[in-house]
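This report refers to the structure that appears directly beneath it.
The values are calculated or read from the model by the stated rules, or taken from the named source; none is laboratory data. In this text the structure is predicted, and so the values were computed from the model without any measurement. Ideal geometry is used to build each Cβ from the backbone, glycine not excepted, and the neighbour counts take in all protein chains shown. Note: areas computed on protein heavy atoms with side chains; ligands, DNA, RNA excluded. Shrake-Rupley method; radii C 1.70, N 1.55, O 1.52, S 1.80 Å.
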Amino acid sequence: MNYKKMAAAVALGSLTLLGASALSSAQAANVGGLRFNANYTGTGEADIKGSNESLQTNTFTFDASYAFATFIYSHTEYDFSGYDDPFDSLDKVAIDLHHNGYISSNLAYGVGLTLGALYEEDFDIGDSYNVSPRAVLGWTFKNGMTAFLGAFANLNGADNVYLPIVGLKLGDDSDHGWMGSIAYPATMVQYRFNDWLAVGANFMTVRDTYHLDDDWDRKGDWADGYLREESYGAGLSATLSPMKMFKVTAGVFSYFDREFKVYNSSGDEIDSFETDNTWGGYLRAGFSF
């Protein structure tokens, strides 16, 4: 069992790359190799509950990994239909440091630290900081199945997030046939037909906290505060690998139980809104050397 890929159990990094998903993008990096990934994700309009407004989002993400480090940048555009937009877009920038190894022939470990900023337009690290440490232990059985257990934290200016990492994983991404994991905060299952075609299904957890600009005329009480998105997602995808160094993944997904919480600059929750479930699609291209 290649422990470097064990964290695919918490993978749906094509949808979100900071917060809970940093577990997948960083730990799954091929240590020593150079990787580039570009991703587009778009959702349909989702009605905002209790209003006549709706919300649609488009996200563009880039990440690059080499050795023990991963750089992540993500830009999300928000379209509030029938509503005075409190903001137009939100950005993420992060550096993730990670290390994996074996304590014994069966016992593996992984540790990591994500240093990031989630912000609107004004990049102020003192307000927009996101610090996410994590640690995982894994035990590989004789049948090749790995059980793993750990913890993840996201420390931010509004309200810290703490999540367990727990699950079972069998197989590696390159294996033909079935592989996957039953896990939290994300689950994935894949069937690989051959070296160049695979299909998969995934589940993810989203916990992202952004700092908002101090535009009082536009935002009112939201100004200089924080926006937290809490949601879950499930998706289906197909991956083509026409050559060893390149692969492209396309899929559809649904966000559900999606809620946005607003905090003031002191970290007190002052507002919130929920959206109906919505469908979307994503496209991801990756190079590895």
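Element breakdown for the chain at a 1.4 angstrom probe: carbon and sulfur atoms account for 58% of the accessible area. The stretch between Ala285 and Asp159 holds 42.0 nm of extra length on full extension. This uses 0.36 nm per residue minus the Cα-Cα distance. Derived scalar couplings between HN and Hα for region 134-139 equal 7, 8, 9, 10, x, 10 Hz in order, rounded to whole Hz, by the Karplus curve 6.51 cos²θ - 1.76 cosθ + 1.60 (θ = phi - 60°), x for Gly and Pro. As a rough guide to protection, the peptides 123-132, 235-244 ranked by mean Cβ packing within 10 Å, highest first, stand as 123-132, 235-244. For the chain, taking Cα atoms only, Rg and Dmax work out to 18.9, 63 Å respectively. Rounded to whole numbers, the Karplus 3J(HN,Hα) couplings from phi for region 257-272 are 6, 9, 9, 10, 10, 10, 10, 7, 5, 8, x, 8, 5, 10, 6, 6 Hz, using 6.51 cos²θ - 1.76 cosθ + 1.60 with θ = phi - 60°, and x at Gly and Pro. Only helices enter the 222 nm calculation for the chain: every DSSP H run of n ≥ 4 contributes -39,500 (n - 2.57), and dividing by all residues gives -1000 deg cm²/dmol, rounded to 500. From the alpha carbon centroid of region 103-129 to that of region 150-201 is 18 Å. Projecting the Cα positions of Leu236, Leu155, Gln190 onto the charge dipole of region 111-258 (unit charges on Cβ atoms of Lys, Arg, Asp and Glu, taken about the Cα centre) puts Gln190 furthest along the positive direction.
Spin-label model, Asn143/Asn277: points 7 Å from Cα along the beta carbon direction are separated by 3.2 nm. Return the distance in nm (one decimal) between the two label points of a simple spin-label model at Glu53 and Asn264, each offset 7 Å from Cα along Cα→Cβ. Rounded to a tenth, the inter-label distance reads 2.0 nm.
Computed with a 1.4 Å probe over protein heavy atoms only, the accessible surface of region 86-182 comes to 46 Å² per residue.
The simple spin-label model puts a point 7 Å past each Cα toward its Cβ; for Leu113 and Ala38 those points are separated by 3.3 nm.
Listed values for region 218-225 are Karplus-derived 3J(HN,Hα) couplings in whole Hz (6.51 cos²θ - 1.76 cosθ + 1.60, θ = phi - 60°), namely 8, 9, x, 5, 6, 4, 6, x, and x replaces Gly and Pro.
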